[in-house]
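Working notes for the structure below.
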Amino acid sequence: MAEHPAYPVGLRLAGRRVVVLGGGQVAQRRLPALVAAGADIRLVSPEATPSVEAMADAGEITWEQRPYAEGDLADAWYALIATSDTAANDAASAEGERHRVWCVRSDDADRATAWTPATGHSEGVTVAVLTTEARHRDPRHTAAIRDAVVEGLRDGTLVAPHRRTRTPGVALVGGGPGDPDLITVRGRRLLAEADVVIADRLGPRDLLAELPPHVEVIDAAKIPYGRFMAQEAINNALIEHARQGKAVVRLKGGDPFVFGRGMEEAQALAEAGITCTVVPGISSTISVPGAAGIPVTHRGVAHEFTVVSGHVAPDDERSLVDWPSLAKLTGTLVILMGVDKIGKIAGTLIAHGKSPDTPVALVQEGTTAAQRRVDATLATVAEVAVAEEVRPPAVIVVGEVVAVGPHGTA
């Protein structure tokens, strides 16, 4: 048997009996995929890891808390033999052979009748990698090949041509805080499949250079507005390109629904009958402070954090922020779009009870190569921001967490 390669096949186990012998780490790794396949799973083992026990408690598997016994594989379609008892494993393998049950053995692959491939998934595609020769039977090798293929499918570097009719639609993709490596896997894949990308200035611009030549990249800031407001013009551009049957990606910085006007675009697309997919992004509200060494929460320091927009000053009638209430909070305050208003914001917070000595950090161009952090207090932040020439985009963090960590004093 060792001279012949394994024949690859996909088992459809939904509703079919699968027997797992042993409740240790091997079972813990393999059970989730069997559960996802809809198998009727029977676990036979005197003991189980806490994770496996939790699956039994949740009703995902049936656990018979005892050692293997002859007859356990009689009604099985597939078996995973993973006990620490070699004699029991041999007996179970022999039973599987008699009943024509395909058996995987964790202790001796050469004596198994089936092997578990290294598997991965990407948008409806399952990648399974098996070694064909004993001398190459290294789990790390097959896992590395699997990871390379799946990563290529996910990030778009490995693209197979799609021979199907595409439904017009728009994906609102959160690009993350700026570092191109911080976009989600799904967001990067959709970028690779796009015909048109309408990008914000704060999106991960480096990713645009990786797009194929046929992709039309549109700078949202340069869309002719004419008699339209800027947002209305962007909405119209999304609708127009989608109606042409193109796959459109609206690439935004951070998350589409965190001060990104994503819902306005989603509503406009819905009214136009255009399919819209929302791909969440890593918000700069937590990622930029984190990249600068600031935890927005920390045990014994801050039990909550509040995110506000500072694009209008506290005394502006358009402001929807309850600044007096924010001044009374003991947690962390994260302010976006507030660099040019920080003087008035700091003054308002102090006027309503916030200590002038409260630490403040301004993190400019967070997560990018140009990132820099400027520290101050509420009493000095306006002066320091001007002296240090802090420019947008910058995330402002107010609170004792600023003094926590390698850059702080706590």
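Computed from the coordinates by the stated procedures, all read-outs in this text should not be read as laboratory data. None of the values given here were measured: they were computed from a predicted structure. Cβ sites come from the backbone with ideal geometry, for glycine too, and all protein chains shown count toward neighbours.
Details
- Applying 0.36 nm per residue to the separation of residue 4 and residue 36 and subtracting their alpha-carbon distance, the gain on full extension is 8.5 nm.
- Taking 250, 391 and counting other C-beta atoms within 10 Å, the order from fewest to most: 391, 250
- Principal-axis tilt of helix 25-36 within the chain, Cα atoms, nearest 10 degrees: 80
- Sorted from longest to shortest, the spans of the Cα atoms of the chain along the three principal axes equal 82, 55, 39 Å.
- Candidates 217, 44, 390: whichever shows maximal mean-square fluctuation once the chain is modelled as a Gaussian network with Cα springs under 10 Å: 44
- Virtual spin-label span in nm between residue 389 and residue 225, 7 Å along Cα→Cβ: 2.8
- Zero-based 5 Å bins, Cα pair distances in segment 1-116, whole percents: 2, 12, 24, 26, 20, 10, 3, 1, 0
- Residue 325 versus residue 244: modelled label distance in nm, points set 7 Å from Cα along the beta carbon direction: 4.6
- Built amide H within the under 5 Å cut-off of residue 372, gap 5+: 364
- The chain - percent relative contact order, Cα under 8 Å, separation 6 or more: 10
- Each DSSP beta bridge with both residues in the chain is either parallel or antiparallel, and the antiparallel ones are about 35%.
- From least to most packed, judged by other beta carbons within 10 angstrom and beginning with the fewest, 188, 12 follow the order 12, 188.
- Taking only the C-alpha atoms of segment 285-403, Rg followed by Dmax gives 12.9, 37 Å.
- For the chain, calculated [θ]222 nm from helices alone, where every DSSP H run of n ≥ 4 adds -39500 (n - 2.57): -8500 deg cm²/dmol
- Measuring r between the beta carbons of residue 371 and residue 25 and using R0 = 51 Å, the FRET efficiency lands at 0.80.
- Between residue 193 and residue 130, the modelled labels are 2.8 nm apart [label points 7 Å from Cα along Cα→Cβ].
- Candidate lysines for bridging to residue 341, where Cα separation is under 24 Å - those fewer than 8 sequence places away on the same chain excluded: 252, 328, 354
- Counting only aspartates and glutamates at least 8 places from residue 222 when in the same chain, those with an alpha carbon closer than 13 Å to its own are 200.
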